[in-house]
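The values are calculated or read from the model by the stated rules, or taken from the named source; none is laboratory data. Remember, predicted model here, so these are calculated numbers, not experimental data. Quick reminder, even Gly has a Cβ in these numbers, built from the backbone with ideal geometry, and neighbours come from all protein chains shown.
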Amino acid sequence: MFRVILQSHWNWSKLLLGPGVVAAFALPILSVQQINEPGYADWSPWGTAGLLRDVESWGIWYAALAAGLGLAIATSAWGSDHRGGHVYALSLPVERWRYVLFRYASGAVLLGVPILSFWLGALLAIASIDLPDSLHAYPTELAVRFALASLVAFTVFFAISAGTMRTAGYILAVIGGLLVAQLLLATAGAGVDPLEYVVDRLTSWPGPFEVFTGRWMLIDV
Amino acid sequence: MSEFAARTAGCLSRGAAAVKAQPIILMTGLVMALLLQPAHRLESQSTAEYQVRVDSLRVEWERKRDAFIELARELGPARIDTIRTGPFTVLVDEPLVELMSQAAPIAWDALRAELHSDSMLAAIKPVYFPSGGGSRTTERSEDVFPGPWISETANLDEVVDRVILTVGAELRLMLDEPSRLWLSANPLARVVAERRDWPGAASFRWIYVELATSGSAVGRRCFDGHLPACRSALELEPASDPATEWYDALDRRRLIVRGGVPRGLGTIEEWRSCTEAGDDIACETLFRARLEGSVTHPVSTVAHQALVETALQMGGVGAYGRLVLTEAPTIADWIAAVARAPADSVIEVWYSDVIAARPDPTTLTAATGWGAFVWIIVLAAVATRSTRWRS
């Protein structure tokens, strides 16, 4: 049964997955392309420190790609169920949790393709440049982080999609309520910033989105 | 229901209707908007507006100061008590007497354990700590070192810290101006950090990154373990020719490119020859012209201060006394006297501390990895709890 679900998930997501795989492979290579240009050391005014800054500036794109891939795969996992009113799931002789797990596993397997592609891209990028002795490359660590970030994004959106409309409505209401509270407090000049507090909790350890923040360094000291 | 509540409910019900249409897209949009919300936009202000604000702040400050002085006059002079612990004398305003009676012996023990030097300890002047925001004025005396004000609600640890740090500030002022540059802002800050079990300064980590990405040839050679290069980078002896001793041709060119088109330092032709044609003679000419204005040192003062910290630790008993009292012809001799070891040995220890402080790569920490893994498991488990029945 897992094979059938995986096959159907592949059919629904291959158009999204194709560009994702290409982007994941190309991104690490593009991030070092500038360093790779002949005479980089001659024209880069900041030398090694500049090299690190160049590499760091690509970090936002790694995080964005991981989030985008997670979203795309999670959306495609439940798209046909939503369109078909979840009749297919009801017709199957399996428990709900097992069905959800199959869907989740198929998404995770498909996500493995761009992650593998990212890792190969990072290895190739590092193989193509000469690093100063004082710097080190972290292609595997970066690929593991990319994998975790993609899986976190995928799991968050997958969990929301797996819920009912009412659940999604509740989550949306909480977020909307937070925005309204922020607006009212700001207007009243209360000096309290609930939105900042919540975003801070979500994006700093042990929040779920902490893996997206900080420095994504393919090359570091 | 108020009008506002009705509007809010209307918005939420419209939001819920939208959710039914495309829940994932909306959810995604909101989550991404939360995560990627830009920083508050800064409004620019003209110099004139800035001046007006500064002037208004100055007027406000003067008004408050006058009010304080008036209040201090009404209250009359504060009563100052003297607290002695061994040869250490602390003067405090009356409300702080009880607190300082407990704090002074603790601070004194910590100072004695750190300074280990009778001559040094004897040189510490009595310190005066006012209370209550410094609103009361006292006669100033050259024999008394002015400490910061201490709140009457401060706890014992805070008062002990203040006393130690004030003596640290006094210690720093005992040095001449050039020597002070080699000492961190407060040489006894480490004592406070150790006493309170606070994380120590990350200076060696910082120096590691500085050397690993150094823009000077001598800094890079130092990073590679060439100790004479470290000696030169740390400027233990004055460089005879910084332009060639600290930097190579590529470094000089980089610094000139970074500095942009020269203004009054060389000609535009020289700048072009240096940056575009890579002519080192032109680069060196421009570089020397710039050196006359301001020297770009191969390492920061943080590295210098870490070297003195290393010497102090190597020096053990009496190191602080030698730090203040030694009159050495060169910095290298001064460092050697403080450490009671050759300057090269101090550099060797300093270098090994720098290399040992290599920062962990930031790409993926164990905490981040495990945190993400746990969230994946938890959220996946939550997803499996979803119901098959739609509503």
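Looking for something within 7 Å of chain B (Cβ to nearest Cβ), surrounded by 14 or more Cβ atoms within 10 Å (Cβ to Cβ) and not aliphatic (A, V, I, L, M) - is there at least one such residue anywhere in region A:186-198? Let's see the steps before the verdict.
Of all residues in region A:186-198, those within 7 Å of chain B (Cβ to nearest Cβ) come to none.
No, region A:186-198 contains no residue that is within 7 Å of chain B (Cβ to nearest Cβ), surrounded by 14 or more Cβ atoms within 10 Å (Cβ to Cβ) and not aliphatic (A, V, I, L, M).
Working only within region A:69-114, note down all residues that are farther than 18 Å from residue B:380 by Cα and crowded, with 23+ Cβ neighbours inside 10 Å.
A:114
I want to confirm something. Restricting to region B:187-239 and keeping residues that are in contact with a Pro (Cβ under 9 Å, 6 or more places away or on another chain) and charged (D, E, K, R), which single residue is farthest from the other protein chains (Cβ to nearest Cβ)?
B:235
Do you know which residues across region B:214-262 are aliphatic (A, V, I, L, M) and under 22 Å from residue B:349 (Cβ atoms)? If you could, list the steps in order and put the result at the bottom.
Going residue by residue through region B:214-262, those that are aliphatic (A, V, I, L, M) are B:217-218, B:227, B:229, B:233-234, B:236, B:239, B:243, B:249-250, B:255-257, B:261.
Of everything in region B:214-262, those that are aliphatic (A, V, I, L, M) and under 22 Å from residue B:349 (Cβ atoms) turn out to be B:218, B:227, B:229, B:233, B:234, B:236.
I'd like to know if region A:98-120 contains one or more residues that are free of Cβ contacts under 8 Å to residues at least 24 places away in the same chain and farther than 20 Å from residue A:11 by Cα.
Checking region A:98-120: at least one residue is free of Cβ contacts under 8 Å to residues at least 24 places away in the same chain and farther than 20 Å from residue A:11 by Cα.
Among B:312, B:379, which is under 24 Å from residue B:113 (Cα atoms) and either in the same structural domain as residue B:232 (by TED's automatic domain parsing) or of a type in the set (A, V, I, L, M, F, W, C) (or both)?
Working: B:379 fails: under 24 Å from residue B:113 (Cα atoms).
The conditions single out B:312.
For region A:200-216, how many residues meet the condition of being surrounded by 18 or more Cβ atoms within 10 Å (Cβ to Cβ) and among the hydrophobic types (A, V, I, L, M, F, W, C)?
4
Please verify whether region B:371-380 includes one or more residues that are surrounded by fewer than 21 Cβ atoms within 10 Å (Cβ to Cβ) and more than 14 Å from chain A (Cβ to nearest Cβ).
So far as region B:371-380 goes, no, none of its residues is surrounded by fewer than 21 Cβ atoms within 10 Å (Cβ to Cβ) and more than 14 Å from chain A (Cβ to nearest Cβ).
So which residues in region A:153-183 are of a type in the set (A, V, I, L, M) and more than 8 Å from chain B (Cβ to nearest Cβ)? Spell out how you get there, then give the answer.
Of all residues in region A:153-183, those of a type in the set (A, V, I, L, M) come to A:153, A:156, A:159-160, A:162, A:165, A:168, A:171-175, A:178-181, A:183.
Hits for region A:153-183 are A:153, A:174, A:178, A:179, A:181, A:183.
Out of everything in region B:350-370 that is outside any helix (DSSP H, G or I) and either of a type in the set (Val, Ile, Thr) or more than 14 Å from chain A (Cβ to nearest Cβ) (or both), what residue ends up being surrounded by the most Cβ atoms within 10 Å (Cβ to Cβ)? Lay out the reasoning, then the answer.
Our first condition is that a residue be outside any helix (DSSP H, G or I); within region B:350-370, this holds for B:357-365.
With the extra rule that they be either of a type in the set (Val, Ile, Thr) or more than 14 Å from chain A (Cβ to nearest Cβ) (or both), the set shrinks to B:362-363, B:365.
Numbers: B:362: 17, B:363: 25, B:365: 16.
Filtering first and then ranking leaves B:363.
Do we find that residue A:81 is more than 8 Å from chain B (Cβ to nearest Cβ), in a helix (DSSP H, G or I) and among the charged types (D, E, K, R) in this structure? Talk me through it step by step, then tell me what you get.
On the way: more than 8 Å from chain B (Cβ to nearest Cβ): yes; in a helix (DSSP H, G or I): yes; among the charged types (D, E, K, R): yes.
The answer is yes for residue A:81.
Residues that are among the aliphatic types (A, V, I, L, M) and within 30 Å of residue A:6 (Cβ to Cβ): which helices (runs of 4 or more DSSP H) entirely in region A:112-221 hold 1 or more of them?
Details: elements: A:139-162, A:165-188, A:194-203.
Helices (runs of 4 or more DSSP H) meeting the threshold: A:139-162, A:165-188.
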